[in-house]
Amino acid sequence: MTARMRARRYARLLPALLVALTVATPSAQTKITLEKNSYSVADDVRVGQEAAAEAKKQLPMLDNDQVGKFVESVGTRLVAAIPDELRHAGFHYTFDVVNQKEINAFALPGGPMFLNRGMIEAARTEAAMAGVMAHEISHVALRHGTAQATKGQKFQIGAVAGQILGAIVGGTAGSVISQGSQFGLGAYFLKYSREYERQADLMGAQIMARAGYDPREMANMFKTIQAEGGNSGPEWLSSHPDPGNRYEAIVQEASMLRVVGNGDSGQFESIKSRLAAMPPAYTAEQIAKGQTTTGPRTVATGVVKVEPPSSSYRTYQPSNFLRISVPANWNPVDASAGSVTYAPGGGFVQGDDGGSAFTHGVQVGVVQGGGGNLQQDTQQLLKSLSRSNPDLRAAGNARRETIGGRQGLTTPLSNVSQVTGEREYVALSTTQLRDGSLLNIIGVAPQSEAKTYENTFRRIRQSLQIAD
Ligand SMILES: [Zn+2]
């Protein structure tokens, strides 16, 4: 539910940005060929799948439908742009999001890619995120993992999954294990030489252009990683070292490429809002210590795990004529002209544009200038709410109810949350003030928790004291 009637919808925020991009002849793109590789394509597939299965066991995956589908759709678009000569039998590109804070991503031989939530959050645009993905895809398509192993010492192909994971888990934790793993086999698949980096940058740029993304956004993303990474940024950069003049080389390649169509889905801002609404991602340290499945941070769906409403209540005075009690674990989170929202931690999201939305909580507001008829004014308010919440529907009949000691109406509604994409339960209660304006209380909770919150909202309504 948008917290303010004027709040805009996140999904529609992103204008078509990539309209006119550089047009140049594609003939001059840098040619990149496969390196010598003594391993079979099937070896790539097997090693990658084993390591991927292990990664899914050891890393906290972000199990969120919308985010997952979005990343997959970007990945699919990029994969479709891999040149024919780099398509290998049995390669299967998959895209998983790890609920981890540090800006990192890795791709395993044969195609499995893991993208940290922190990487998506750090990206300023969809194309920037696609840039990291295109770079990783290029390492896979160019078979850099096994090519690098070919140059190094011989190893037993069957034993590498655990060692790759040692490099991933140890590496993300920045622990001693990662120092050791650089000499182990895992390092071959995850830490690339500068020459391979140069190739992945250029091939990544070419894939991006064919997929409809401006390749310069990859160069920008690398700058972001460097600038915003702080202590966590160098992890990606240490596995993907700067081959020298990285930014300039990518921009130079981009100038020779023609961007085909517009790959931007327009969904990036809404995906970022969604991520911002979730509890914080785990840190590498928490993951390394196995602290990802205990405590209140545990989330079954990857969406916000919000504490249930406390049974003790706290009273607020949002205006000089109004007193209201809400569960003690809720706080006033947003006060704007004519309304105030009380929500539990994780139940309220502030968008970049100043718009906001809440998934759990109540908003108390006053709408001026009604006609003085409770039913008609309530209908008018509903219409107005529907404009900013187009999925808002009646979910039963309005019933009369005493609110703040006077005649009121409570209307059960159903909506689709703009934060989670899930169905939500909305209870709209209205009553009139002496000056004819309409006092309204809007309770919002996920449909799956409607029973619990129905009682909470009733108790809040009953606590209302009006002295106008
Ligand atoms: Zn790389």
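Counted as qualifying within region 75-153 are the strands (runs of 3 or more DSSP E) with 2 or more residues that are within 24 Å of Ala254 (Cβ to Cβ) and either within 16 Å of the ligand (Cβ to nearest atom) or in contact (Cβ under 8 Å) with a residue 40 or more places away in the chain (or both), namely 105-107, 112-116. Among the residues making up region 427-447, those that are farther than 21 Å from Pro318 by Cα and either open to solvent by less than 10 Å² (accessible area, probe 1.4 Å) or free of Cβ contacts under 8 Å to residues at least 60 places away in the same chain (or both) are Ala445, Gln447. Looking at this structure, is Ala357 in contact with a Ser or Thr (Cβ under 7 Å, 6 or more places away or on another chain), crowded, with 16+ Cβ neighbours inside 10 Å and farther than 24 Å from Ala335 by Cβ? No, not satisfied. The numbered conditions (1) among the basic types (Lys, Arg); (2) away from the ligand (no atom under 12 Å from the Cβ); (3) farther than 26 Å from Gly68 by Cβ are all true for Lys191 except (2).
Looking only at region 327-340, count how many residues are modelled with pLDDT of 85 or more and out of contact with any Pro (no Cβ under 8 Å at 6 or more places or on another chain).
Count: 1.
Against the list (1) surrounded by fewer than 21 Cβ atoms within 10 Å (Cβ to Cβ); (2) under 19 Å from Ile324 (Cβ atoms), the condition Ala450 fails is (2).
When Ser270 is tested against the conditions (1) farther than 30 Å from Phe348 by Cβ; (2) in contact with a Phe, Trp or Tyr (Cβ under 6 Å, 6 or more places away or on another chain), the lone failure is (1).
All but one of (1) part of a loop (DSSP other than H, G, I, E, B); (2) more than 30 Å from Val251 (Cβ to Cβ); (3) within 30 Å of the chain's Cα centre (by Cα) hold for Tyr39; state the number of the condition that does not hold. Condition not satisfied by Tyr39: (3). At least 1 residues being on the phi < 0 side of the Ramachandran plot, open to solvent by less than 40 Å² (accessible area, probe 1.4 Å) and among the acidic types (Asp, Glu) is the threshold, and among the helices (runs of 4 or more DSSP H) wholly inside region 207-275 those reaching it are 216-228, 246-255.
Quick check on my filter: what residues within region 124-143 are buried (at least 24 other Cβ atoms within 10 Å of the Cβ) and closer than 23 Å to Ser273 by Cα? Glu126, Ala127, Ala128, Met129, Ala130, Gly131, Val132, Met133 - these are the residues of region 124-143 that are buried (at least 24 other Cβ atoms within 10 Å of the Cβ) and closer than 23 Å to Ser273 by Cα.
The values are calculated or read from the model by the stated rules, or taken from the named source; none is laboratory data. Because the structure is a prediction, the values reported are computed rather than measured. Backbone-built Cβ (ideal geometry, glycine too); neighbour counts: all protein chains shown. Quick note on the areas: whole protein, heavy atoms, side chains included, nothing else; ligands and nucleic acids left out. Shrake-Rupley method; radii C 1.70, N 1.55, O 1.52, S 1.80 Å.
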